[in-house]
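These notes concern the structure reproduced below.
Rule-based calculations on the coordinates, nothing more; no lab input. The model shown is predicted, which means the values in this text are computed figures rather than measured ones. Heads up, the Cβs are rebuilt from the backbone with ideal geometry, glycines too, and the neighbour counts pull from every protein chain shown.
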């Protein structure tokens, strides 16, 4: 088994460059930072007739994600490094996206976002939930956004003045979200949106492409930011999200390839 290790602003993925199909237990073992390689997910190339290329996006807990903005940008970089053209389509198993690769940034057309509850999905008659959370904010409105995968966004004055990790852990498995959810706590600043991220199946993460997209959509729908491009700043760095008035979303940002890893056969046999 050969893996490519890469990251988008500290959000680490492994690409299965060569090897047998993955299993839940193997993904969990590979993503373990103490006894495996360590990653926020694994990208497994798959055959498809629905796009130029196909990928299965594994979370570190062994579940499969519908979409990942950082994962797709990393997968696009790997494909382009291997000879793919600068523009191509990728089927995630749930959706088709288009990628554009340049030397510095990778753009992914993430599709059309939604706040329709049944499509997020979220069990609610409104795109805004009243979810009871821990102090100091016992009732913070949560905006549910679908961008191929589910998200909920909470707007606060200062992202680091609230217990956002605790909120993320509670909301990920809240019964209102039948497929669980990614969680973002956000604050609109003069020239960017600051966010903190709890990723479904991974927990705290320094960056997330689909999370950045969901926050931008929620901010623009609420009139906090004008439609167009906005900088979304996580602890790992800046991503840029463009949202149209029809909620078409495009994500751009950097990817850094760390290198290739060969997995020892004895390690494989023990899993």
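Odds and ends about this structure:
- q = 0.10, 0.11, 0.16 Å⁻¹: log10 I(q)/I(0) that the Debye formula gives for the chain, counting C-alpha atoms only: -0.47, -0.57, -1.20
- Theoretical gain in end-to-end length, residue 157 to residue 116 [0.36 nm per residue, Cα-Cα removed]: 12.1 nm
- Angle in degrees between helix 69-81 and the longest Cα principal axis of the chain, rounded to the nearest 10: 30
- Note on residue 179 and residue 34: the extension gain reaches 49.4 nm, defined as 0.36 nm multiplied by sequence separation minus the Cα-Cα distance.
- Translational D in µm²/s for the range 1-109 (Stokes-Einstein at 37 °C, 0.692 mPa s, Kirkwood Rh from C-alpha pairs): 238
- Calculated Rg and Dmax of the range 1-64 using C-alpha coordinates, Å: 11.5, 38
- Over the chain: helical MRE at 222 nm, DSSP H runs n ≥ 4 each giving -39500 (n - 2.57), nearest 500: -5000 deg cm²/dmol
- Cα Rg, Dmax (largest Cα-Cα span) when computed across the range 117-253, Å: 13.4, 36
- With Cα atoms, 0 to 90° folded angle of helix 209-221 axis to the chain main axis: 20
- Packing, as the average of other Cβ atoms within 10 Å across residues, places the peptides 30-37, 140-147 in the order 140-147, 30-37, highest first.
- Spacing of the two label points (7 Å from each Cα toward its C-beta) at residue 268 and residue 125, in nm: 5.6
- Summary of the geometry: the range 18-34 and the range 178-231, compared by the centres of their Cα atoms, lie 29 Å apart.
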